[in-house]
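Read the figures in this text as sums done on the coordinates, not as results from a lab. Please read all numbers here as calculations on a predicted model, not as lab measurements. Glycine also receives a Cβ, built like all others from the backbone with ideal geometry; neighbour counts cover every protein chain displayed.
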Amino acid sequence: MAGCFSYTASRDRCYRFSFSTSGLKSTTTDLGDGTIMHCWTPKSHNPSKPSLLLIHGMGANAMWQWSDFLSPLSRRFNIFIPDLVFFGDSYSTRPERSESFQARCVMALMEAHGVHTVSVVGISYGGFVAYSMAAQFPESVVKVVLVCAGVCLEEKDMDEGMFKVKSVEEAASLLIPQTPEEMRQLVQLTFAKPMKVMPTCFLTDYIEVMCTEYRQEKKELIKSLHKDRKLANLPRITQPTLIVWGEQDQVFPLELAHRLKRHLGEKAQLVVIKNAGHAINKEKPKELCKALKSFLFSPITPSLQGNNGNGHKVD
């Protein structure tokens with residue numbers, strides 16, 4: 001669509017304006033190891049507020065995934081919203097592709113901005129990174145929120161038919177769509193109530209703007225999540241943790257939420273949002289925001305440190 005109006009590029013500019021008017025600024029940090037990280041950071045850091053890190057999942061850049069949450073959360077926190085490596089304006093010449101590597105990059109970014117303690121919210125793939133940050137840097141991560149993040153999946157789960165996709169290759173093709181039909185399949189997979197009308201011209205435009213850069217690297221990120229993964233090897237993080245899941249999630253089925261709750265025990269609480277799929281931040285932003293505020297705004301008390309419930313549902 002060269003030379004034509006791009007709805008996606010225009011929408012991206014609107015998000016950029018929205019972030020700028022919400023008290024954030026676009027920053028780029030050279031980590032000094034071949035890795036460049038882009039992040040939205042506070043224009044004016046308020047030392048009386050704690051810091052909150054919002055980590056996006058697969059798909060578009062961070063702005064598209066967190067735009068609905070800026071206003072309610074920025075009132076209580078200094079907000080940091082990075083583009084993970086190989087998303088948006090972040091990239092690396094290094095060969096690492098694990099969520100552990102992403103976590104180290106994000107923590108190095110925070111330290112470069114003078115942030116030494118932070119609570120973390122991660123959506124889907126971002127939840128893998130958030131979990132790894134909590135495991136690697138327990139003294140720096142205060143609270144953890146994992147949104148539809150199948151961190152406790154095992155490699156054997158795919159062979160045993162847990163997922164809609166039959167292979168990692170199929171998953172990568174759907175999560176990094178290159179055709180309008182693949183884009184439609186992705187929407188069907190990630191929304192409980194997907195849009196019925198999706199014009200090909202808009203889907204093609206979105207793919208050209210958002211899904212062509214670092215395609216091979218993103219495939220390798222997805223493969224790294226699955227390869228040799230076993231629940232027995234997943235460390236138990238010790239921070240107060242909120243697990244939020246869409247009841248109709250087809251990417252990471254709800255069973256993985258309950259498995260994670262069992263794995264973490266009393267340190268974790270589970271909230272299941274009804275009539276929601278995997279794209280919970282877009283499909284049910286008000287319900288997700290309510291859960292985030294309830295957990296993040298509360299002080300760390302014995303009731304937060306221990307929770308013996310198996311989860312509750314939110315309409």
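Dividing the alpha-carbon radius of gyration of the chain by the rule-of-thumb value 2.2 N^0.38 Å gives 0.94. Backbone amide hydrogens, once placed in the peptide plane, bring I273 within less than 5 Å of W245, G246, E247, V314, excluding anything fewer than 5 places away on its chain. Amide H contacts for H278 (H built 1.01 Å from N in the peptide plane; partners 5 or more residues away or on another chain; cut-off under 5 Å): F191, A192, Q250, V251. Name the residue, out of A108, A268, A149, whose mean-square fluctuation peaks in a Gaussian network model built on the chain with Cα pairs under 10 Å. Checking each option, the largest mean-square fluctuation is seen for A108.
Between the listed residues A135, I237, F297, the Cα displaced farthest toward the positive end of the dipole of the chain, a dipole computed from Cβ unit charges relative to the Cα centre, is found at F297. Considering only T27, L70, T93, whose Cα is most displaced toward the positive end of the charge dipole of the chain, charges sitting on Cβ of Lys, Arg (+1) and Asp, Glu (-1)? It is L70, whose Cα lies furthest towards the positive end. Between the alpha-carbon centers of segment 94-131 and segment 1-41, tell me the distance in whole angstrom. Result: 19 Å between the Cα centres. Per-residue 3J(HN,Hα) values for segment 70-79, derived from phi via the Karplus relation 6.51 cos²θ - 1.76 cosθ + 1.60 with θ = phi - 60°, read 5, 4, x, 8, 6, 5, 10, 9, 7, 9 Hz in sequence order (x marks Gly and Pro).
Note on the chain: with charges restricted to the Cβ of Lys and Arg (+1) and Asp and Glu (-1), its dipole about the Cα centre is near 1000 debye.
When the chain is treated as a Gaussian network with alpha carbon springs shorter than 10 Å, the biggest mean-square fluctuation among M195, M158, M37 belongs to M195. For segment 155-170, backbone phi angles converted through the Karplus equation (6.51, -1.76, 1.60; θ = phi - 60°) give residue-by-residue couplings of 4, 5, 4, 5, 5, 8, x, 5, 9, 5, 7, 9, 7, 5, 4, 5 Hz, Gly and Pro being listed as x. Here the Karplus curve 6.51 cos²θ - 1.76 cosθ + 1.60, taken at θ = phi - 60°, turns the phi angles of segment 224-240 into couplings of 5, 5, 8, 4, 6, 7, 9, 4, 4, 8, 7, x, 8, 6, 9, 6, x Hz, with x standing for Gly and Pro.
Once a ≥ b ≥ c are taken as the square roots of the eigenvalues of the Cα gyration tensor of segment 1-113, is the result rounded (a/c under 1.5), prolate (a/b larger than b/c) or oblate (a/b not larger than b/c)? Oblate. Per residue of the chain, the DSSP helices (runs of n ≥ 4 H) give a summed -39500 (n - 2.57) that works out to -11500 deg cm²/dmol at 222 nm. The DSSP beta bridges internal to segment 7-314 are antiparallel in roughly 30% of cases. With neighbour counts taken as other beta-carbon atoms within 10 Å, the residues V244, V141 rank, fewest first, as V141, V244. For R229, the residues whose amide H sits under 5 Å from its own are E155, ignoring neighbours fewer than 5 places away on the same chain, with H placed 1.01 Å from N.
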